[in-house]
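The values are calculated or read from the model by the stated rules, or taken from the named source; none is laboratory data. Every value quoted in this text rests on a predicted model; they were computed, and no experiment measured them. Cβ coordinates were reconstructed from backbone atoms using ideal geometry, including for glycine residues, and neighbour counts include every protein chain displayed. These accessible areas exclude ligands, DNA and RNA; they are computed on the full protein's heavy atoms, side chains included. Shrake-Rupley method; radii C 1.70, N 1.55, O 1.52, S 1.80 Å.
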Amino acid sequence: MTTPTNGAVRTTGRRRTRAALVIGAPLVMTVALFGAGIAARGTGELHVPAPGTTTVLRAAVFAALALHLGELAGARLAGAGRAPRSWALWAALGGAAASAGQIVLLAEVSDLDLTATYGTRDGGLLLAMANGFALAAGCVVLGRPGWAAGPLALVIGAEAMRAHPEPYTPEWGTALTVVHLTAASLWVGGLWYVLRTMWLRGGGRDVLARYARLAGWLYAALAVTGTCSTLRRLPAEVVFTTAYGRVLIVKLVLVAVASALAVSARRRLRRGGDATAPARTELAVLAGVVLVSAVLTVVPDPHWLSVHSALLR
């Protein structure tokens with residue numbers, strides 16, 4: 001009786017997954033291609049070249065980091081037993097391709113050749129990210145997946161430096177982004193790996209419980225670094241009048257929903273119930289957070305608008 005029941009549950013799960021993909025895929029592409037433009041409508045901010053393509057490439061980088069780092073952490077949380085097929089190699093290769101794609105895009109919009117693009121600040125950092133992902137893929141191929149943590153740290157560091165080009169205390173912005181991006185990648189990617197492990201083993205409440213304990217610390221790190229970064233980059237007077245502020249509000253709403261689902265899952269675990277359903281929904285919402293975060297890195301930095309407005313006064 002147990003086997004047919006599990007089979008029926010798996011079939012239902014596959015149907016729900018397919019339905020979610022059919023419904024979610026058009027929404028994801030719409031947000032990726034047009035999200036930055038929609039958010040900037042009516043703000044008077046400068047147009048960002050190729051915002052849709054840039055968003056897609058940056059979302060791919062964030063997803064690659066989450067999948068790879070999440071697998072490294074998730075494998076430890078899962079302990080002994082059957083393990084899902086590794087996605088680390090494909091994640092690293094995808095991240096390298098997305099980083100290289102941003103270099104090509106930067107060369108096109110800047111009207112530079114690739115050699116000259118490498119010499120720019122953004123081009124050099126993107127090259128470092130592409131090489132970091134390539135090294136991580138090499139670690140996987142050599143049968144040393146744990147060594148990939150080093151190259152992935154290089155990727156995170158380069159991304160943090162690229163995301164904070166401002167001349168005012170850039171070291172603080174870089175440090176906050178390093179912690180924030182690492183914690184976010186472990187939260188999203190770790191949950192994805194844990195749910196895959198539970199699906200493969202037909203259970204695994206203990207695995208989800210271990211992840212929930214780690215997720216609590218990750219959430220604290222995200223809350224602190226996210227708040228500090230927001231206070232540094234988003235003046236209160238332009239929260240609703242800039243694309244950055246509008247996108248950030250959407251991100252905060254999604255994070256709040258994901259947090260509520262995480263709390264629900266933890267309560268079910270403590271009561272001995274099945275926490276799989278809220279955890280799966282949490283993962284779907286977190287995927288939306290990753291996409292919106294990519295949009296957030298594409299829209300203009302609101303600090304400059306605030307400074308310009310102050311000078312005009």
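A full extension of the chain between CYS228 and ASP113 corresponds to an added length of 37.6 nm, given 0.36 nm per residue minus the alpha carbon distance.
Using 0.36 nm times the number of residues separating ALA260 and THR120, minus their current alpha carbon distance, what extension gain do you get? Write out the running numbers ahead of the final one.
Values: separation 140, 0.36 × 140 = 50.40 nm, distance 4.25 nm.
Taking ALA260 through THR120 to full extension adds about 46.2 nm, to one decimal.
Compared with the dominant Cα axis of the chain, that is its longest principal axis, helix 276-298 is turned about 10°. At a 1.4 Å probe, what is the % contribution of carbon and sulfur to the accessible area of the chain? Carbon and sulfur together cover 68 percent of it.
Any chance you could give the angle, 0 to 90 degrees and rounded to 10, that helix 149-163 forms with the longest Cα principal axis of the chain? So the inclination is approximately 40 degrees. Among ASP122, ASP301, the order of accessible area from largest down is ASP122, ASP301, computed with a 1.4 Å probe on protein heavy atoms. Relative to the longest principal axis of the chain, what angle (0 to 90°, nearest 10) does the C-alpha long axis of helix 51-78 take? So the helix axis and the longest Cα principal axis differ by about 40 degrees.
For the chain, which span is the longest to avoid every loop-located (per DSSP) member of chymotrypsin sites (Phe, Trp or Tyr not before Pro) having at most 11 other Cβ atoms inside 10 Å?
Values: sites that count: TYR168, PHE240.
Here the longest run is 1-167.
Kirkwood hydrodynamic radius of the chain from all distinct Cα pairs, in Å? Could the numbers behind the result be given before it?
Details: mean 1/r = 0.0486 Å⁻¹.
This gives a value of 20.6 Å.
Its relative contact order, with pairs defined as Cα atoms under 8 Å and 6+ residues apart, puts the chain at 23 percent. Using C-alpha pairs under 8 Å with a sequence gap of at least 6, the mean separation divided by the residue count of region 136-229 gives a relative contact order of 26 percent. Remark: the ARG213-ALA149 segment gains 20.9 nm on full extension, using 0.36 nm per residue and subtracting the alpha carbon distance.
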